[in-house]
Amino acid sequence: MKGIIDRFEKDFAVILVEEQQKEYVIQKSNLPTGCTINSVVQIDERNGQLHVTLDYQQKKQLQDKATALRKALLNKKNPSKLKRKK
């Protein structure tokens, strides 16, 4: 199942899994290197233990999408229709 790292609390990571409406709390030391807030992870349960792997492809896609949106906003030619108060 896929999840997203929502936040870190002391020595733990909180991972949200939308498809199951669940929240998992896992020790940071059990996470793969490179995990940050909003990282997409794959969670597998084996022998009663959770194994977490980082989904590099999904992470790259989300970063590329965010970069494209940021560029589109910066290159926007139409000014805002809202007026500033003076």
Kindly check whether there is at least one residue in the range 40-47 that is surrounded by 12 or more Cβ atoms within 10 Å (Cβ to Cβ), under 18 Å from Arg7 (Cα atoms) and without any contact (Cβ under 8 Å) to a residue 24 or more places away in the chain.
no
Filtering the range 19-38 down to residues that are open to solvent by less than 100 Å² (accessible area, probe 1.4 Å) and hydroxyl-bearing (Ser, Thr, Tyr) yields Tyr24, Ser29, Thr36
Just one listed residue, out of Leu50, Leu16, Leu62, is within 11 Å of the chain's Cα centre (by Cα), of a type outside the set (S, T, N, Q), open to solvent by 50 Å² or more (accessible area, probe 1.4 Å) and at pLDDT below 90, and it is Leu62
Does Asn38 count as within 11 Å of the chain's Cα centre (by Cα) and modelled with pLDDT under 90? yes
Within the range 1-49, the residues that are of a type in the set (D, E, K, R) and not in a loop (DSSP other than H, G, I, E, B) are Lys2, Asp6, Arg7, Glu9, Glu18, Glu19, Lys22, Glu23, Lys28, Asp44, Glu45, Arg46
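The values are calculated or read from the model by the stated rules, or taken from the named source; none is laboratory data. The structure displayed is predicted, hence computed values, not measured ones. Cβ: placed from backbone, ideal geometry, glycine included. Neighbour counts: every protein chain shown. Areas reflect the complete protein model, heavy atoms only, side chains present, ligands, DNA and RNA absent. Shrake-Rupley method; radii C 1.70, N 1.55, O 1.52, S 1.80 Å.
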